[in-house]
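The values are calculated or read from the model by the stated rules, or taken from the named source; none is laboratory data. Given the structure is predicted, the values throughout are model-derived calculations rather than measurements. Cβ sites come from the backbone with ideal geometry, for glycine too, and all protein chains shown count toward neighbours.
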């Protein structure tokens, strides 16, 4: 069903095929394109088809190859990978930390300069595994430690802000959707809120 929906028909993977060959073959099957010429959407669809057909233990190697082939798509590749069904019967639907760590390390080692972008994309895809992702990214690119810690701190502050606001009822998670004007301070004047439903009190 996935192959039909994506519009890709990929030949069966040879038993001894290399990840780079598999990815090139999948990209070409979708329109005869070279990897470097494929759009981001086409490359990611092709990579997804390949990733779904390899064994979980081999997936980090495929991620690393995909990142090296298209370093400009490093963050998107990692987000796509972490949204695949990576759980098992023991861990449930969520991927265990060991699996996520191997994937993150492979991606960061393949493109250390994108460590922060990879980290952010991974946390967006697997927010409950933030600590695991951060540790793996730092282990793979220790010289990016400070930048990764700053990214983690800023992300944690935003998450805490949204959580507090959500509890207070000031914001909704649909994109900062509903703001309660009555809870906003510093409006100037006497602080009264003027609206058609509640005209200002007569002085």
- [ ] Please specify each residue of segment 3-38 satisfying the condition of being loosely packed, with under 11 Cβ neighbours inside 10 Å and either under 21 Å from residue 60 (Cα atoms) or modelled with pLDDT of 65 or more (or both).
- [x] 12, 14, 15, 16, 32, 34, 36
Open item on the list: Checking residue 97 against (1) in contact with a helix residue (DSSP H, G or I) (Cβ under 9 Å, 6 or more places away or on another chain); (2) modelled with pLDDT under 95; (3) farther than 24 Å from residue 54 by Cβ, only one condition comes out false. Which one?
Closed with: (3)
TODO: Can you confirm whether segment 84-94 contains a residue that is in a helix (DSSP H, G or I) and either more than 16 Å from the chain's Cα centre (by Cα) or at pLDDT 95 or above (or both)?
DONE: no
